[in-house]
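Reviewing the structure listed below.
The values are calculated or read from the model by the stated rules, or taken from the named source; none is laboratory data. Bear in mind the structure is a predicted one, so any value in this text is a computation, not a measurement. So basically every Cβ, Gly included, is an ideal-geometry build from the backbone, and we count neighbours across all protein chains shown. The accessibility values were calculated without ligands, DNA or RNA, using every heavy atom of the protein model including side chains. Shrake-Rupley method; radii C 1.70, N 1.55, O 1.52, S 1.80 Å.
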Amino acid sequence: MSNGRPSPRDGVGSVVLVGGGPGSDDLLTVSAVKALAGADVVFFDRLAPHENLAALAPRAELVYVGKTPGHHTLGQRDIENAMVERARGGARVVRLKGGDPYVFGRGSEEVIACQAAGIPVTVIPGVTSAVSVPASAGIPLTHRGMSHLFTVVSGHAPLTDIELASLAKLGGTLVILMGIGTLPHVVQGLQRFGAAADLPVAIIERGFSDSQKTTITSLGATVQDAALAGVNSPAVIVIGEVVRLAHHGDDDASAQMARARRLATLE
Ligand code: SAH
C-alpha cells in the first residue's frame, strides 16, 4: 500500500518514504515531523534536511546513504535491501529524501522493493525543489498572461533532439533539475530549435541555505555567465519569461556578476 497507514503485523516493522523538502526544517510537513519522531532508523540523503535530524528523530539510528563525490556509499539496491532488512527485524524505518520522493527521487523503486518483500510501505509527499527553489528567488512558475504551464525535466542525461525541439516549441516555463552538467547542451539545443537568445534564464544554487545564490542571464549568454559565476550543483534552472519577475534580493550574486562582467570586458 502506498497510501494509508502501514499495518505492522507479526513483528514486522514498516517503511515510510518521507519527502523532506528542499533543505530547510521549516519546510518539512507535519506528517514528516511525526514520522521522524517515531522512527527507529532513518536512512537519509545528502539533499534531505539533516542538520537537526538527531533532534527530529531522537530515538532513531541515523544512516547516511547520500552520494558524496569521493566517498564510498551504498548503491540503490543496497539501500532498498537495508531498508527491507531493518523493517523485517521489526523497525519503523524512515527513508528521508530531498524534496518529494516521487520527483526524480527513485521513490517508486523503493516502494516496489518494499511491496515485493511484503513490507508495509507508505509515502509522505514533500515540497519539491522544482517549485520551491525558484519561489525562494521570487520566481513563480506560472503567471497570468505570461506562462500557463511548466515542464520539469531532469538534466542528468542530455536531452534528445526531439525533446529539445518539443520544449523549444512548447513555451511556458522550463524547470531543470540536475542540470548543471548538461547546461551548455540544453541552452544551445533550445536555440538550435528556435528558442529566442534573449529568453531569460535563472540558476538558483543551494536553495534555502545560507549560501543560496541566484544567477540571472539569458539563453544566449548562459554558458558564459554560468562559467563566470562558477555555478555548481545542487541548482534549479528556470528558463522562461517568468524569470523577469525574480526579485533582486540577491545582492551578492548580482555584485559578483557585475564584477565578472567587468573582468570579462577587460580581457
Ligand atoms: N526529489 C527532489 C529532486 C531530486 S533530484 C525534489 O523533489 O526536489 C536532485 C536535484 O534537485 C538537484 O540536482 C537539484 O537540481 C535539485 N535540488 C534539490 N534541492 C535543492 C536545493 N536546496 N537547491 C537547489 N537545487 C536543489
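Structure data summary
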read-out: Region 14-127, Rg to Rh (Cα coordinates; Rh as Kirkwood inverse mean 1/r); value: 0.92
read-out: Nearest 10 degrees, 0 to 90: helix 76-88 Cα axis against the chain principal axis; value: 30
read-out: The chain - mean residue ellipticity at 222 nm from DSSP helices (-39,500 (n - 2.57) per run, n ≥ 4, rounded to 500); value: -9500 deg cm²/dmol
read-out: Rounded percent of accessible protein surface that carbon and sulfur make up, the chain, 1.4 Å probe; value: 55
read-out: Positive-end residue, region 24-137 charge dipole about Cα centroid, Cβ charges, pick of LEU96, VAL84, ALA48; value: VAL84
read-out: Rough spin-label spacing in nm, given labels placed 7 Å along Cα→Cβ, for SER211 and GLU241; value: 3.7
read-out: Within the chain: Cβ-based charge dipole about Cα centre, in debye rounded to nearest 20 (Lys, Arg +1; Asp, Glu -1); value: 320
read-out: Cut-off under 5 Å, modelled amide H: who pairs with GLY90 long-range; value: GLY13
read-out: Amide H contacts of VAL63 (H built 1.01 Å from N, under 5 Å, at least 5 apart or other chain); value: VAL42, PHE43, PHE44
read-out: Added length on full extension, which subtracts the Cα-Cα distance from 0.36 nm per residue, ARG106 to ALA37; value: 22.5 nm
read-out: Karplus (6.51, -1.76, 1.60) ³J(HN,Hα), θ = phi - 60°, over region 170-179, in Hz, Gly and Pro reported as x; value: 5, x, x, 10, 10, 10, 10, 9, 6, x
read-out: Degrees between helix 107-116 axis and first principal axis of the chain (Cα, 0 to 90, nearest 10); value: 20
read-out: Coarse-grained scattering of the chain at q = 0.15 Å⁻¹, given as base-10 log I(q)/I(0) from a Debye sum over alpha-carbon atoms; value: -1.06
read-out: Choice from ASP210, ASP225, ASP78 showing the highest fluctuation, given a GNM over the chain with Cα pairs closer than 10 Å; value: ASP210
read-out: ³J(HN,Hα), Karplus 6.51/-1.76/1.60, whole Hz, each residue of region 238-244, x for Gly, Pro; value: 10, 10, x, 4, 4, 4, 5
read-out: Proximal lysines to LYS34, defined as alpha-carbon separation beneath 21 angstrom and excluding residues fewer than eight positions away on the same chain; value: LYS97
read-out: Alpha-carbon gyration tensor eigenvalues x 5, square-rooted, for region 110-250, Å; value: 27, 19, 16
read-out: Residues of the chain: accessible area per residue with a 1.4 Å probe, Å²; value: 50
read-out: Difference of contour (0.36 nm per residue) and Cα-Cα distance, ALA116 to ALA54; value: 19.2 nm
read-out: Separation of the LYS67 and ASP198 label points, Cα + 7 Å toward Cβ, nm; value: 4.0
